[in-house]
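Step one of this worksheet: look at the structure below.
The values are calculated or read from the model by the stated rules, or taken from the named source; none is laboratory data. Worth saying up front: this structure is predicted, and the values here are computed from it rather than measured. Heads up: the accessible areas ignore ligands, DNA and RNA and are worked out on the full protein's heavy atoms, side chains in. Shrake-Rupley method; radii C 1.70, N 1.55, O 1.52, S 1.80 Å.
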Amino acid sequence: MNTVLHERYTSSDTRYCTAIFGILEPGSGQVGVHLASGGHPSALIQRADGTAARAQLFPGDTLLLHTDGLTEARTGPERELYGEDALRAFTATQRPAGPQALITALTDLIAGFGDDTALLALGVPAPLPVSVPTPASET
């Protein structure tokens, strides 16, 4: 990648890229997340209980990877950076409904930002509710 970027772009047209590599290790009731990144923002986890954190994934959690176009977007009348804190706060306000719901909410949010952003969300399925059959009434 580095060679291609150096060959294709001259000093007057500088470009860069970010990269992230991860290994997910399923365990007993959780998924270990090991990430290495170069110039890429940290991953964010939306917990099944509605909080946002950075750690292991448990059932119902969603892991969000994003480019800096999300957190470095200029917003509001003062053109302030959107930032990591705003992203955590926004994520915490979203009902934990899995990766697709989070991507949809973020896509709606960034529609007005006007910056390039890539999003990837992965989830650990929540356990299915256990239904207990009701006994038939005796007649």
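Observations on the model:
- Rounded tilt (10° steps) of 83-93 against the dominant C-alpha axis of the chain: 20 degrees
- Region 1-103: C-alpha gyration tensor shape, a/c 1.5 cut-off, then a/b vs b/c: oblate
- Cα long-axis angle, helix 99-110 against the chain (0 to 90 degrees, to the nearest 10): 40 degrees
- Projected area, mean over directions - region 69-125, Cα convex hull, nm²: 4.0 nm²
- Of the whole protein surface, R74 contributes about 120 Å² of accessible area at a 1.4 Å probe radius.
- Quarter the surface of the alpha carbon convex hull of region 53-92 and you get the mean projected area, 3.1 square nanometres.
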